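Every number in this text was worked out from the coordinates using simple rules, so none of it is lab data. This structure is a prediction, so every number in the text was calculated from the model and none was measured. For neighbour counting, all protein chains shown are included, and Cβ atoms are generated from backbone atoms with ideal geometry for every residue, glycine included.
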Amino acid sequence: MGTGQAKASDTATGALRVTFRTCRARTGVLHLRDSICAAGTRRSEERPMRRPLRAFALAVALTLAAAPGAFGQSSPPAADPPPPPPPAQAQPPGQNGDPFGEALTLAPKTIIFLKGQAKWDSALESLIDAFKSVYAFLDKESIKRAGPAMTIYTQADDTGFQFQAAVPIEAPPKDPPKGDMAVGQSPGGKALKFVHRGSYDSMDSTYEAITNHLDEKRLEAEDVFIEEYQTDPVTTPEDKFVVHVYVPIK
């Protein structure tokens, strides 16, 4: 590894930086990986939270961006060529009017959550099973929900991730759950809000856009991020998902 690459890797932000971390590249709930930092970009290794598809897409994009110069050297330059058009701006996922990178302050919420871990290949199935367990506990104890279900991602690597499948509640129950299920607080503080509409698998493009946004704005994310489901992930067809992604910022 060259000196420049080592410095880029050393100064990169935490593992949950959404390069996706494509990822959900996730293309790694957030994952840009491999040697993309040769051109001064951040190493994909720093965005472990989503599948590697994003890393591949970004690598291809960088290759194509560099290609015109290389090909141009092999053919004579045209006389008085017109100025190149400005690069097309990638449209963020979602719909017109959806916030993308909206700054806000998250208020911590009392939640009941189930801790778990899953492989990226079976991520959605694992999350749905976890939420079913939380819902069953709430129904059994007659605990009212106080907001949409959310996944709090706490750690991730190339193969999988750790999470909390959480549901906000009005007040802690008198008899708290035991084992992997617990009562706690959702993350609070400064964050950016992004909106995803569509299937869980298509969130790769959403996280890739989030990563690009963070890089362009030179923002550092905390080592956690939240997906808040405006449509119930247990009962809603996957292609109808509406998800608010919150990225806490340092």
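For the reader, a short list of remarks on this structure follows.
- Ranked list, fewest to most other Cβ atoms within 10 Å of each Cβ, for Ser142, Ser199: Ser142, Ser199
- Shown for Met150, Met181, Met203: other C-beta atoms within 10 Å of each C-beta, ranked fewest to most, produce the order Met181, Met150, Met203.
- Given Lys115/Lys140; Lys119/Lys217; Lys178/Lys240; Lys193/Lys240; Lys140/Lys193; Lys115/Lys250, the pairs whose alpha carbons are separated by over 29 Å: Lys119/Lys217; Lys178/Lys240; Lys140/Lys193
- Karplus-derived 3J(HN,Hα), 6.51/-1.76/1.60, for each residue of region 105-112, Hz, glycine and proline x: 10, 7, 8, x, 10, 6, 10, 10
- Cross-link partners of Lys190 among aspartates and glutamates (Cα-Cα below 20 Å; sequence separation of 8 or more within a chain): Asp98, Glu102, Asp215, Glu216, Glu220, Glu222, Asp223, Glu227, Glu228
- Centre separation in Å (Cα based) which lies between region 121-194 and region 206-225: 23
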